[in-house]
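Here is the structure we will look at, set down as structure tokens.
Please treat every number below as a calculation from the coordinates, not as lab data. Here the structure is a predicted model, which means the values were calculated and not measured. Using ideal geometry, Cβ is built from the backbone for each residue, glycine included, and neighbour counts are taken over all protein chains shown.
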Amino acid sequence: MDFSRQELIDILKDDSRNDWLFELADRVRLENVGDEVHLRGLIEFSNICKCQCNYCGLRSSNKTIDRYRIEPDDIIFYAKKAVDMGYKTVVLQSGEDDFYSREVMCEVIKGIKELDCALTLSIGERSFEDYKAFKECGADRYLIRIETTDRELYKKMHPNMDFENRVRCLKDLKNLGYEVGTGCLVGLPGQTIESLADDILFFKEIGADMVGIGPFIPHPQTPLKDCENGSFTLALKVMALTRILLKNVNIPATTAMETLNPNGRIIALQSGANVVMPNVTTKEFRAKYEIYPNKICINEEPSQCRNCIEGKIKSISRTISKGYGFRSNS
Ligand code: 5AD
Ligand code: FES
């Protein structure tokens, strides 16, 4: 099944066929990636960020949050804990924090790759040389959402950033042999349905191996504080269409979806998603990594999240993968 741009727009605008859409996406998911759910252990290792994204609570001008940085050795320690807990992929995520230079990151990557796991980085825009060095040290995957393909909206949302550089990052990562993840926010103020259709086509064109999609949730300490929430259903529709068009990619049931709907991740797993990224950061840091408000699991410890999500996945008769969860076979 392949939808044209116009068909994508029509489906996104029409809510009368949503059940059909979600069922189709669930079938395409089953046919292409099966019933296994891949769990990725997420370590949020620094909330320090030099960027100014208008939607993000970690933006550098937010002076009200308590900033932290986890020491390189401690990141490796937490990664080991995640692997001991059964995670086959560790995801390292942070704000764009220059403390973690090429050299520092390479040491962390090498330390983690001594463990039995795949490693995903999500640390923002870096140079080709940095990406190359990280790959040579063993990093397997990289996540960097395009956020929106609407150039004007991109410019408004990201002061001092450049859409073309973000695309350059995605292309560099792809050329270096990473599995590459991208994605978008759904419900940014001024975002059009047409641009969401373009986002989906962009994921396909860039050759994304993973696509993360979540609703925008306004953060009180940002310029967008008075805007409305993105729609859970619309985010789910963008995700379902991404599954139908991109077939065998890995798609997470995102935490932002669960923030807007108490059963959001399970609904997403039944509408095209096949990945969950439980937080493995210890409780002392969780509340501080406040990209958006009301994030789930800020009062839980890593083992509680693991048990919770395993139970939920089993309750819908899906299985937890024992493989590394690469796009082409574990
Ligand atoms: N609401 C929802 N998602 C957000 N992100 C950043 N700020 C928000 C927000 N207010 C997402 C971005 C980023 C990812 C790590 O978190 O898409 O890529
Ligand atoms: Fe954290 Fe359910 S995943 S408590």
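Looking only at the stretch 28-63, which residues are among the basic types (Lys, Arg) and either within 16 Å of ligand 1 (Cβ to nearest atom) or in contact with a strand residue (DSSP E or B) (Cβ under 9 Å, 6 or more places away or on another chain) (or both)?
Selection gives ARG40, LYS50, ARG59.
Under 6 Å by Cβ, and 6 or more places apart or on different chains, what pairs join a residue from the stretch 140-157 that is at positive phi with one that is within 12 Å of ligand 1 (Cβ to nearest atom)?
Correct list of pairs: GLU147/CYS184; GLU147/LEU185.
May I ask you to say which residue of ILE266, ILE309, ILE244 is in contact with a Ser or Thr (Cβ under 9 Å, 6 or more places away or on another chain) and in a helix (DSSP H, G or I)?
Sole residue among the options that is in contact with a Ser or Thr (Cβ under 9 Å, 6 or more places away or on another chain) and in a helix (DSSP H, G or I): ILE266.
Yes/no per residue for (1) in contact (Cβ under 8 Å) with a residue 24 or more places away in the chain; (2) within 15 Å of ligand 1 (Cβ to nearest atom):
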residue: THR255; (1), (2): yes, yes
residue: LEU260; (1), (2): yes, yes
residue: ILE266; (1), (2): yes, no
residue: PRO278; (1), (2): yes, no
residue: PHE285; (1), (2): yes, no
residue: GLU300; (1), (2): no, no
residue: GLN304; (1), (2): no, no
residue: ARG318; (1), (2): yes, no
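Name the residues in the stretch 225-262 that are away from ligand 2 (no atom under 16 Å from the Cβ), buried (at least 18 other Cβ atoms within 10 Å of the Cβ) and of a type in the set (D, E, K, R), would you?
Result: LYS237, ARG243.
Output the residue which, of all residues in the stretch 269-280 that are of a type outside the set (A, V, I, L, M, F, W, C) and more than 22 Å from PRO220 (Cβ to Cβ), is nearest to ligand 2 (Cβ to nearest atom).
Among them, the one singled out is PRO278.
Would you pick out the residues in the stretch 202-250 that are within 11 Å of ligand 1 (Cβ to nearest atom) and of a type in the set (Lys, Arg)?
Hit for the stretch 202-250 is LYS225, nothing else.
Hey, among the residues in the stretch 184-199 that are out of contact with any Ser or Thr (no Cβ under 7 Å at 6 or more places or on another chain) and not hydrophobic (A, V, I, L, M, F, W, C), which one's farthest from CYS56 (Cα to Cα)?
Among those that are out of contact with any Ser or Thr (no Cβ under 7 Å at 6 or more places or on another chain) and not hydrophobic (A, V, I, L, M, F, W, C), it is GLU194.
In the stretch 211-236, which residues are in contact with a Lys or Arg (Cβ under 7 Å, 6 or more places away or on another chain) and either among the aliphatic types (A, V, I, L, M) or over 18 Å from ARG59 (Cα atoms) (or both)?
Within the stretch 211-236, just GLY212 meets the criteria.
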